[in-house]
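Trainee: Supplied in structure tokens, the structure appears directly below.
Nothing in this text is a laboratory measurement; each read-out follows from the coordinates by a stated rule. All values derive from a computational prediction rather than experimental measurement. Note that each Cβ is placed from the backbone with ideal geometry, even for glycine, and that neighbours are counted across all protein chains shown.
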Amino acid sequence: MVTDTFAEGIETEITVMELNLWYGAKQALKDISVDIPKNSITAFIGPSGCGKSTFLRCFNRMNDLIKSCRVEGDVLVGEDNIYESNVDVVELRKRVGMVFQKPNPFPMSIYENIAYGPRIHGEKNKEKLNSIVEETLKAAALWDEVSDQLDSPALDLSGGQQQRLCIARTLAVKPEIILLDEPCSALDPISTSKIEDLLMELKKDYTIVIVTHNMQQAARVSDYTAYFLLGELTEFGETRQIFEMPREKSTEDYITGRFG
Amino acid sequence: MFSPKTSERIAFAFLTLAIAIVVAFVFTIIFYITSNGIGAISTDFLTQGPKNRMTEGGIFPAIVGTVFLIIGSMAVALPLGILAAIYLNEYAEEGRIVWIIQMAINNLAGTPSVVFGLFGLAMFVKYMGFGASILAASLTLALVVLPVIIRASEEAMATVPPGLREASLALGVTRWQTVRKIVLPIALPGMVTGAILSVGRVAGETAPILLTGAAYFLPRLPTAISDQFMALPYHLFVLATSGTNIAATRPIQYGTALVLLLIVLGVNFVAVMIRRHYKKKMRW
Amino acid sequence: MLKSTRSKEFAIESLLLAVSAVTVVILILISLFLFGEGAALFKDIPFLDFLTGKNWYPTSEPPIFGLLPLLLGTLLVTAGAIIIAVPLGIASAVFISEIAPPKVAEILKPIIEILAGVPSVVYGFFGLVVLIPRLQQLLDLPTGQTALAGSIMLGIMALPTIISISEDAISAVPDFLKEGSLALGATRWQTIYRVTVPAALSGISAAVMLGMGRAIGETMTVMMVTGNAAVIPGFPGGIFAPVKTMTATIALEMGEVPQGSEHYHALFAIGAVLFIITLLINLIAEAVKRKYRFKVGS
């Protein structure tokens, strides 16, 4: 496995060193080491069950919610090893936001969905909250569509709008990294392309990691691509290189659709 | 033998007959109590105490006693039940401790109410020295409804989609805040339904209070939680089986039964309406 | 700051666990008090004499505390209740989940919930004033207060438990099983009794167990309609004679006994036996239900 394929001067945001993960006795991730570059989009691809979502959930320790899950190895976010015992996962998750496969807005108004995070983290100033809501909705390219109905229920929005609202909700907590777990799998092509445009815009300010089963999506939006197979990181590199000249036979098979 | 089509017809006829019998039970019971009890109910009946050695007058003290029992037992059982349900549904992982707690709840739910009465007598009345009192009876009833409240609250919380919890936790929100701000508000209607149903249960339970403080007759209303009390279900039992003139007081008995039935079924009706109202509003 | 949110979360989780554990503590305390107060009886009377004694004369001189008439009274009344409630209950459950149009089922379910909501003392009162006189007249009995009256009332009371749990089990049978049968040209009824009900059998058994538990533990109703005569019931004639159940004995006699007397401890001993019986029934029902969950899951 070669990981140091970045061009000169590219900063690393997440460093993973020899990560192993088990569900009970079953090993789900094997010896994964990778550097995820800052202010870029990295795509995780691979057949279902290859461990790409599990791996993504290591970056904000969502796997902690499963008690049978055991992780060994190191993950550095910036300078901090997030698997050290004194790390507060709550603080970690403020820095590392996550958007899920199925849009999951809270059953509250659009405004309240965005204000939820900042409020819980101590923001009480109404003016401040107003501006956070406006800024993040603008950043999520949703403001123009919903600015006159901020108090209506978030569940009245279309699926694609809901997913952008979930992205805005994540931005409101001011993370450094955004993890997206197949964010477009439940959406139509038009909504999907809106979200893809949005991600291209957001990478200026955030480091983005996206799990996708849609190869075209990975090719379209990502700068780097990691291919997983059976819990192992088979290949990682610049997206162009992975798609045009994969080093591994299994990567090529998957990308060209000969797999499974 | 019959053809398959014919035997199906016969079988379905029997099944229809069975459900008809069951429904007939329901209406017969409600009809008898209502038609015989309605005449006894008046403002005086509801606001006056029993008179002339309980052969005349009303049931006001019994209503008051039942209300006290509801308040007392709910004050104990609701917080305990809801906190336990939060733990079981939101925090606990499959494991031996949780298994033991779940078994305990199942067994409490299946324990006969008279056994709770015995326990209340031995523990609260005697051992803790509360005496036969509102306090002892309320605590006993709280134990009777505790499993009901836990199960209803757990069920209500289980309807909250897991994705909402994940979304909240992923925003760097603690688990307790997630419970308070996301899970409880959504689960609230279901939990209220469970609480109301257990109010109905408390109002109707007789055996536990019989052993822990219900009085045959009291000239005055209770003024402290250490006082004995009259209660609707026990009052009905007393009038119907050991009153001073059982035959002559039948109308009062029917009236008491009707009031009790109205309270319990009214409470259940409210609970069903709340459930229905919020079921319509839920969508994910 | 970081440390404090974590220790606060830990404190909350510990508190919640402690509250949940209260349920276990209560169950243990119930056992301790019942067995403690009950065991005091066996200082004077051998345990086996209590368990197999054929006479319950608590106020004679000397008193005799034999459980058998009460135990058999409970079993007789419960058996009768089950014979009434099981066919009616399962048939109703099948009707609601397999035959009734959804709209009819939505009306039937709350009607059956009403049965579960009626307080036992109201059932007892209804039995006393409506059922007993008719039973006496119809069967030409010296008294209508009989085991049969208890069985009928308890049967009605066990219905909602049996219906709702059976119905859950029956509707949990996956559609593809039923469709598989129907596609082979089986009628709906053949599908119900050859495929659906057998597939739901463990759930239905659990429902019957829990209905039985409800009947055994019921107090006020049996106390008001069974006549409360502590004699070993004959068979089958005992069905038409008064009996006294364990629950009724406790509720009726506890009011009159001096605390700490032999009689007082004997009533606790009955309570302990009752507690063990219902505990066993619950455990069996739970085990049966578990089996059924596994079946549906696979």
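Trainee: Helix A:110-120 sits at what angle to the longest principal axis of chain A, using alpha carbons and giving 0 to 90 degrees rounded to 10?
Mentor: 70
Trainee: Ok, one more. Over the Cα atoms of chain A, Rg to Rh with Kirkwood Rh, two decimal places?
Mentor: On the Cα set of chain A, Rg over Rh gives 0.97.
Trainee: What list of ³J(HN,Hα) couplings, whole Hz, do you get for segment C:46-63 from phi and the Karplus terms 6.51, -1.76, 1.60, once you set θ to phi - 60° and write x for glycine and proline?
Mentor: x, 4, 5, 4, 5, 5, 10, x, 8, 10, 10, 10, x, 10, 6, 10, x, x
Trainee: Mind listing the phi-derived Karplus ³J(HN,Hα) values for segment A:12-21, rounded to whole Hz, using 6.51, -1.76 and 1.60 with θ = phi - 60°, and x for any glycine or proline?
Mentor: 9, 9, 10, 10, 10, 10, 6, 8, 10, 9
Trainee: Exposed loop sites here are GluC sites (Glu not before Pro) in DSSP loop states with at most 10 other C-beta atoms within 10 Å. What is the longest stretch of chain A lacking them?
Mentor: A:85-260
Trainee: Can you give me the Kirkwood hydrodynamic radius for segment A:132-198, using every pair of distinct Cα atoms, in Å to one decimal?
Mentor: Averaging 1/r across every pair of different Cα atoms and inverting gives 12.2 Å.
Trainee: Starting at the first residue of segment A:83-89, write each ³J(HN,Hα) from the Karplus equation 6.51 cos²θ - 1.76 cosθ + 1.60 with θ = phi - 60°, in whole Hz, x for Gly and Pro.
Mentor: Working through the residues one at a time gives 9, 6, 5, 8, 7, 8, 5 Hz.
Trainee: Find the percent of Cα-Cα distances in segment C:20-150 that exceed 27 Å, and round it to a whole number.
Mentor: I get 52 percent for the Cα pairs in segment C:20-150 exceeding 27 Å.
Trainee: Averaged over all directions, how much area does the convex hull of the C-alpha atoms of segment A:1-101 cover when projected, in nm²?
Mentor: Spelled out: convex hull of the Cα atoms, projected over all directions, averaged, 7.1 nm².
Trainee: Could you list which residues have their amide H under 5 Å from that of A:GLU235, counting only those 5 or more apart in sequence or on another chain, with H placed in the peptide plane?
Mentor: Excluding prolines and chain starts, which carry no amide H, the hits are A:TYR227.
Trainee: Can you give the Rg and Dmax of segment B:75-139 based on its C-alpha atoms, in angstrom?
Mentor: 14.5, 41
Trainee: For chain B, what is the mean residue ellipticity at 222 nm derived from helices alone (per DSSP H run of n ≥ 4: -39500 (n - 2.57); sum divided by total residues; nearest 500 deg cm²/dmol)?
Mentor: -23000 deg cm²/dmol
Trainee: Using a Gaussian network for chain B with springs between C-alpha atoms less than 10 Å apart, which of these wobbles most: B:TYR32, B:TYR234, B:TYR254?
Mentor: B:TYR32
Trainee: Something else now. Could you tell me whether chain C comes out rounded, prolate or oblate from its Cα gyration tensor? Rule is a ≥ b ≥ c as square roots of the eigenvalues, rounded for a/c under 1.5, then prolate if a/b exceeds b/c, otherwise oblate.
Mentor: oblate
Trainee: Amide H of B:PHE229 versus every other amide H placed in the peptide plane: which residues, excluding those fewer than 5 positions away on the same chain, fall under 5 Å?
Mentor: When sequence neighbours closer than 5 places are left aside, the close amide H contacts are B:ALA215.
Trainee: Averaging sequence separations of C-alpha pairs under 8 Å and six or more residues apart, then dividing by the length of segment A:82-219, give the relative contact order as a whole percent.
Mentor: Relative contact order, segment A:82-219: 34 percent.
Trainee: Mind checking which lysines have their Cα closer than 26 Å to the Cα of B:LYS126? Skip sequence neighbours fewer than 8 apart in that chain.
Mentor: Reachable lysines: C:LYS43.
Trainee: Using the Kirkwood formula over every pair of different C-alpha atoms, what hydrodynamic radius in Å results for chain B?
Mentor: By the Kirkwood definition, the hydrodynamic radius is 21.5 Å.
Trainee: Okay, next question. Shielding of B:205-212 by partners, i.e. mean partner chain Cβ atoms within 10 Å per residue?
Mentor: Partner Cβ neighbours, averaged per residue: 6.
Trainee: Using just the Cα positions, wrap the protein assembly as shown in a convex hull and report its mean projected area in square nanometres, one decimal place.
Mentor: 43.6
Trainee: Rounded if a/c is under 1.5, else prolate if a/b beats b/c, else oblate: with a ≥ b ≥ c from the C-alpha gyration tensor eigenvalues square-rooted, which is segment A:106-260?
Mentor: Taking the square roots of the gyration eigenvalues as a ≥ b ≥ c, segment A:106-260 is prolate.
Trainee: What are the residues whose amide H is under 5 Å from the amide H of B:GLU56, where those residues sit 5 or more places off or on another chain and H is modelled from the backbone?
Mentor: Correct list: B:LYS51.
Trainee: Quick one: of A:LYS124/A:LYS174; B:LYS279/C:LYS103; A:LYS38/A:LYS204; A:LYS124/B:LYS181; A:LYS138/A:LYS203; A:LYS67/A:LYS94, which pairs are farther than 18 Å apart, Cα to Cα?
Mentor: Pairs exceeding the cut-off: A:LYS67/A:LYS94.
Trainee: Where in segment B:1-71 are there trypsin sites (Lys or Arg not before Pro) that are in a DSSP coil and have at most 16 other Cβ atoms within 10 angstrom of their Cβ?
Mentor: B:ARG53
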